[in-house]
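The values are calculated or read from the model by the stated rules, or taken from the named source; none is laboratory data. Here the structure is a predicted model, which is why all the values come from computation and not from measurement. Neighbour counts run over all protein chains shown; Cβ positions are idealised from the backbone, glycine included. These accessible areas exclude ligands, DNA and RNA; they are computed on the full protein's heavy atoms, side chains included. Shrake-Rupley method; radii C 1.70, N 1.55, O 1.52, S 1.80 Å.
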Amino acid sequence: MQRGALLDAARSLLSEGGTEALTFPALAERTGLARSSVYEYFRSRAAVVEELCAVDFPVWAAEIEGAMERADSPEAKVEAYVRSQLGLVGDRRHRAVVAISAGELDAGAREKIRAAHGGLIEMIVEALAALGQEQPRLAAMLLQGVVDAAVRRIELGAAEDPEVITETALAIALRGVRG
């Protein structure tokens, strides 16, 4: 129960104030625990982020996979893949993990995050093959790059409306750069 409260407090701190806001004293204050108690659950900020990823990423992946399963054509699966990922950008669980740069994580945590993202890429390979991609895994990695760029653009509060960013990323995914 307290581990969950700490993770929820960490999500809030990260989404409100970024990396600098995630401190053990702040976690203790948010949860009403003593700072020494926080150390009983997590050894470092990177450990907190690693656990957030371990808890939240499967939820995101299930949402994306569910959207893709409801789609009835390869094009609709690509659309569901792009839209559902970009729809998660406003979710505070997503903002929390994005707030921490990969450089602050140890090699094990970075590898877990890479593996989780690899699972996302695997979700779309079959649809891309059905669309005639000769290199569907490569196409999936490049498509994820478009999605990641759109995520960063939305997260940065770009001048464009998030819906415009989503529609543009989707147009690139489905029709290429010709528009």
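With Cα extents along the principal axes in Å in mind, check [x] 57, 32, 29; [y] 74, 32, 28; [z] 41, 35, 32 and report the label derived from this structure.
[x]
Assuming R0 = 22 Å, what is the FRET efficiency of residue 137 and residue 116, from their Cβ-Cβ distance, to the nearest 0.05? Show your work: numbers first, answer last.
Numbers: r = 17 Å, r/R0 = 0.76.
So the FRET efficiency works out to roughly 0.85.
What's the center-to-center distance, using Cα atoms, between the range 6-45 and the range 125-149 in Å?
38
Once you mark the GluC sites (Glu not before Pro) that are in a DSSP loop and have at most 16 other Cβ atoms within 10 Å, what is the longest gap between them in the chain? Please list the in-between numbers first.
Values: sites that count: 134, 160.
That would be 1-133.
Provide the gained length on full extension for the span residue 47 to residue 126, in nm with one decimal, where the gain is 0.36 nm per separating residue minus the Cα-Cα distance.
Working: separation 79, 0.36 × 79 = 28.44 nm, distance 3.41 nm.
Using 0.36 nm per residue and subtracting the Cα-Cα distance, I get 25.0 nm.
Rolling a 1.4 Å sphere over the protein heavy atoms, what is the accessible area per residue of the chain, to the nearest Å²? Before the final figure, lay out the partial values.
On the way: 9550 Å² over 179 residues.
Ligands and nucleic acids excluded, the figure is 53 Å² per residue.
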